[in-house]
Amino acid sequence: MNLDHVLVSREADFVTITMNRPQRRNALSLSHLRDLITAFDAAGESDASGIILAGAGPVFSAGHDFAHVAEADEAAVRTLLDACLQLMELIESVPQPVIARVHALATAAGCQLVAACDLAIAADSAGFAAPGGKGGWFCHTPMVAIGRKRAAELAYTGDTITAAQALEWGLLNRVVPADDLDSAVADLLSRATRGSRASKALGKRP
């Protein structure tokens, strides 16, 4: 698959979709979102039993690419946000379990990506934030996976929480040392994909 901002690989029954804009901290431009949509569409229609979402470089994802947003008119921003919503809904609707492999910082829409995945494992050095609370945006969509009071703290303050806090708050399934991240992801996804693929696909339907 020839995509500008995403790498797709397959090992045995699992497809790995890797965000590959390390120079922009895997910020979600419109073209990046569309590449992710293409990759998840293809993986969802394949015979793979599970999907891993990963990020290349020093950050998992910094959220929306504000360099693009700052120069855009309202219509362009709405197009970007619609594409983001389409991606999040697609992650939730593909028939396979999707696991986020979070090796580093995930902020704003990057944190939302983690929340949208069915499962998530993070390195103990990872962090999570909705920094819009410190500026002009109020990032509420990443909060769907956590309780109201903690969601409000994350949204209002814009502070970064640790992987251990994200685990306690319900955003993650596991926190492991960075060297153990790949094996922990493979172990959980292997156990999550046992049994009937059809029943899991039905279970993901809204």
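Every number in this text was worked out from the coordinates using simple rules, so none of it is lab data. In this text the structure is predicted, and so the values were computed from the model without any measurement. Here the Cβ positions follow ideal geometry from the backbone for every residue, glycine too, while neighbour counts run over all protein chains shown.
Compute the distribution of all C-alpha to C-alpha distances in region 26-95, in bins of 5 Å from 0, and list the percent of pairs in each, rounded to whole numbers.
Distribution as computed: 3, 16, 24, 23, 17, 11, 4, 2, 0 percent.
How big is region 1-121 by Rg and Dmax over its Cα atoms, in Å?
13.4, 44
Add +1 for every Lys or Arg and -1 for every Asp or Glu among the other residues with Cβ under 14 Å from the Cβ of residue 30, and state the total.
Numbers: positive: 21, 24, 34, 78; negative: 4, 35, 65, 71, 73, 82.
Cβ neighbours under 14 Å give a net charge of -2.
With Cβ to Cβ distances under 13 Å as the rule, what net charge do the other residues near residue 170 carry (K, R +1; D, E -1)?
Values: positive: 148, 149, 150, 174; negative: 168.
Around residue 170, the charge tally is +3.
Tell me the mean residue ellipticity at 222 nm calculated for the chain from its helices only (DSSP H runs of n ≥ 4, each -39500 (n - 2.57), averaged over every residue, nearest 500).
Values: 8 runs with 84 residues, N = 206.
Result for the chain, helices only: -12000 deg cm²/dmol.
First obtain the Kirkwood hydrodynamic radius of region 1-40 from its Cα pairs, then insert it into the Stokes-Einstein equation at 10 °C and 1.306 mPa s, and state the resulting D in µm² per second as a whole number. Spell out each step's value before the answer.
On the way: Rh = 10.4 Å.
In µm²/s, the coefficient rounds to 153.
Please state, as a whole number in µm²/s, the translational diffusion coefficient that the Stokes-Einstein equation yields for region 80-128 at 25 °C and 0.890 mPa s, with Rh defined as the Kirkwood radius across alpha carbon pairs. Show your work: numbers first, answer last.
Numbers: Rh = 11.2 Å.
Translational diffusion coefficient: 219 µm²/s.
Report the Cα centroid-to-centroid distance between region 171-186 and region 1-61 in angstrom, as an integer.
Cα centroid of region 171-186 versus Cα centroid of region 1-61: 19 Å apart.
How many nm separate the modelled label positions at residue 182 and residue 205, each set 7 Å beyond the Cα in the direction of the Cβ?
Each label point is offset 7 Å from its Cα along the Cβ direction, giving 3.8 nm.
Of all DSSP beta bridges located in the chain, what percent are antiparallel, nearest 5?
30
Quick check on region 158-206: take the gyration tensor over C-alpha atoms, sort the square-rooted eigenvalues as a ≥ b ≥ c, and tell me if it's rounded (a/c under 1.5), prolate or oblate. Walk me through the intermediate numbers first.
Numbers: a/c = 4.02, a/b = 1.57, b/c = 2.55.
Judged from the Cα gyration tensor, region 158-206 comes out oblate (a/c at least 1.5, b/c at or above a/b).
Under 14 Å from the Cβ of residue 41, count the other residues' Cβ atoms, weight Lys and Arg +1, Asp and Glu -1, and hand me the total.
Numbers: positive: 34; negative: 35, 45, 89, 92.
Local net charge: -3.
Provide the gained length on full extension for the span residue 164 to residue 12, in nm with one decimal, where the gain is 0.36 nm per separating residue minus the Cα-Cα distance.
Working: separation 152, 0.36 × 152 = 54.72 nm, distance 3.10 nm.
So the extension gain works out to 51.6 nm.
How many times 2.2 N^0.38 Å is the alpha carbon radius of gyration of the chain? Intermediate values should be presented prior to the final figure.
Details: Rg = 16.0 Å, N = 206, 2.2 N^0.38 = 16.7 Å.
Expressed relative to 2.2 N^0.38 Å, the Cα Rg reads 0.96.
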